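The values are calculated or read from the model by the stated rules, or taken from the named source; none is laboratory data. Computed from a predicted structure; not experimentally measured. Counting neighbours? That spans all protein chains shown, and the Cβs are built from the backbone with ideal geometry, glycine included. The area values use the complete protein model at the heavy-atom level, side chains included, leaving out ligands, DNA and RNA. Shrake-Rupley method; radii C 1.70, N 1.55, O 1.52, S 1.80 Å.
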Amino acid sequence: MTVDAVTDVAGVRVGHATRSGDGWLTGTTVVLAPEGGAVAAVDVRGGGPGTKETDALDPRNVVQRVEAVVLTGGSAYGLDAASGVMSWLEERGRGIRVGPDPAHVVPVVPAACVFDLGRGGDFRARPDAATGRAAVEAAHASAPGAPVAEGCVGAGTGAVAGTLKGGVGTASTVLDSGITVAALVVANAAGSALDPETGVLYGELFAGRRVTYPAREVHEAARRRLDEVAALNAPPPLNTTLAVVVTDADLSRAQAQKLAGTAHDGIARAVRPVHLLTDGDTVFTLATGRRPLEAGQPLALNEVLAAGADVVTRAIVRAVRAAAPVEGPGGAWPSYGLLYGAGDGAGDRAGEAP
């Protein structure tokens, strides 16, 4: 049984630490690999990234596997959350062994951040090492294959997608080969997830199915509200869409890096414009290696690459649909559901453009 989440990849767990109220609107999300780690890679396309340990994931370098990936709010300050995850892993002997004692390990914990500073009202309210520890402990405590909370949780707590409230989303698919490909995203884009002419989410237009277009009067009312919000809120100086694409395929480090790169196509389908100088768009890959690619089948990898982009697109749609509106001292961001109604989120109902 699958839950259409990144936890459909056996052994992978997700934990959120969320801070809101009293000036806070931020958090951290940890994707925890099975013990022993996973082959990892990264592809950074945004012009303003905030990252940690991404150089270690270059296939030319020594690190072979990582135990966790951290996604966090707080801009570059929030990268301190990775320190809490490192200490938790060290206490359990999980990391690269660097000495004769099994406790002599150095956990390599790649991390990336989104800009949400001040959105709760306090510019100095940001994740730290304790937040990271809380998130990895939540991941460790979760049941195998458990559903993943979406919307305004973890690193998506203060996320904004254009003028809409953003958040965390996840999706998965199982290929005919039995390989699972899944994604978890934090949608915090400078670009818009919403087609301004119709009110449809861009990511649903790329789902390969017909969609229901909002009624004209609903869309016009939504546009008026979004114009009001844009005038009230300060322009977002730095925004980012983050993703972790996870698969149980047995990928080399080079193949994992290719998957991270093609998964960016999933962001480009769901957000316009994308990969700007004020974005930090970053995609990580984790490959647990439990299912081999079909020997002698060069197209087997292509299927994984295509699926990676597809699940990223769906995860962004789910992030925006799951988000709740926020209004407070740091700004006001309506949700898609508030403006257009929750709908079924599937993008599979017939309809005509208004």
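Which condition breaks for E220 when tested against (1) outside any strand (DSSP E or B); (2) under 25 Å from H275 (Cα atoms)? The one condition E220 does not meet is (2).
Here are some residues: P107, P102, P144. Which one is touching a residue at least 60 places away in the same chain (Cβ under 8 Å) and not hydroxyl-bearing (S, T, Y)?
Numbers: P107 fails: touching a residue at least 60 places away in the same chain (Cβ under 8 Å); P102 fails: touching a residue at least 60 places away in the same chain (Cβ under 8 Å).
Unique residue meeting the criteria: P144.
Take D43 and tell me if it is of a type in the set (D, E), within 19 Å of the chain's Cα centre (by Cα) and over 18 Å from R253 (Cα atoms). Please lay out each step first, then the result.
Details: of a type in the set (D, E): yes; within 19 Å of the chain's Cα centre (by Cα): yes; over 18 Å from R253 (Cα atoms): no.
No; evaluated as a whole, the condition is false for this residue.
Inside the range 274-291, residues that are touching a helix residue (DSSP H, G or I) at 6+ places or on another chain (Cβ under 9 Å) and under 19 Å from T7 (Cα atoms) make up a count of 5.
Just to be sure, is P110 over 18 Å from G15 (Cα atoms) and either modelled with pLDDT under 95 or not charged (D, E, K, R) (or both)? The answer is no for P110.
Counting only residues that are in a loop (DSSP other than H, G, I, E, B) and at pLDDT 90 or above, which one in the range 198-217 is surrounded by the most Cβ atoms within 10 Å (Cβ to Cβ)? Spell out the reasoning first.
Step one: list which residues in the range 198-217 are in a loop (DSSP other than H, G, I, E, B), which gives 198-200, 206-215.
Subset that is at pLDDT 90 or above: 198-200, 214-215.
Values: T198: 15, G199: 22, V200: 19, P214: 20, A215: 13.
Per the criteria, the residue is G199.
Residues that are charged (D, E, K, R), in contact with a Phe, Trp or Tyr (Cβ under 9 Å, 6 or more places away or on another chain) and assigned to a loop (DSSP other than H, G, I, E, B): does the range 130-140 have at least one? No, there is no match, as no residue in the range 130-140 is charged (D, E, K, R), in contact with a Phe, Trp or Tyr (Cβ under 9 Å, 6 or more places away or on another chain) and assigned to a loop (DSSP other than H, G, I, E, B). The single condition among (1) open to solvent by 20 Å² or more (accessible area, probe 1.4 Å); (2) under 20 Å from the mean Cα position of the chain (by Cα); (3) aliphatic (A, V, I, L, M); (4) more than 28 Å from R13 (Cα to Cα) that L194 does not meet is (1).
Within the range 83-99, the residues that satisfy the criterion of being in contact (Cβ under 8 Å) with a residue 12 or more places away in the chain and of a type in the set (G, A, S) are S83, G84, S87, G93, G95. Screening the candidates V168, V160 for the property of being over 23 Å from A287 (Cβ atoms) and either among the basic types (K, R) or open to solvent by less than 20 Å² (accessible area, probe 1.4 Å) (or both) yields one hit, V160. Taking the criterion of being out of contact with any helix residue (DSSP H, G or I) (no Cβ under 7 Å at 6 or more places or on another chain) and either open to solvent by 10 Å² or more (accessible area, probe 1.4 Å) or outside any helix (DSSP H, G or I) (or both), the residues of the range 66-85 that qualify are V66, V69, G74, S75, A76, Y77, L79.
Across the range 86-106, which residue is most open to solvent (accessible area, probe 1.4 Å) among those that are hydrophobic (A, V, I, L, M, F, W, C) and in a loop (DSSP other than H, G, I, E, B)?
Of all residues in the range 86-106, those hydrophobic (A, V, I, L, M, F, W, C) come to 86, 88-89, 96, 98, 103, 105-106.
Those still in the list that are in a loop (DSSP other than H, G, I, E, B) too: 98, 103.
Details: V98: 99, A103: 57 Å².
Ranking the qualifying residues of the range 86-106, first place goes to V98.
On the basis of being modelled with pLDDT of 95 or more and over 12 Å from A323 (Cβ atoms), does A190 make the cut?
no
Being touching a residue at least 40 places away in the same chain (Cβ under 8 Å), part of a helix (DSSP H, G or I) and surrounded by fewer than 17 Cβ atoms within 10 Å (Cβ to Cβ) holds for only one residue in A319, A230, and it is A230. Annotation note: Cβ proximity below 7 Å between a residue of the range 60-82 that is farther than 19 Å from A134 by Cβ and a residue that is at pLDDT 95 or above and part of a helix (DSSP H, G or I) (sequence gap 6+ or interchain) occurs for N61/D55; V63/A56; V63/L57. Among the candidates G46, G15, G37, G27, the residue that is crowded, with 24+ Cβ neighbours inside 10 Å and in contact with a Lys or Arg (Cβ under 7 Å, 6 or more places away or on another chain) is uniquely G27.
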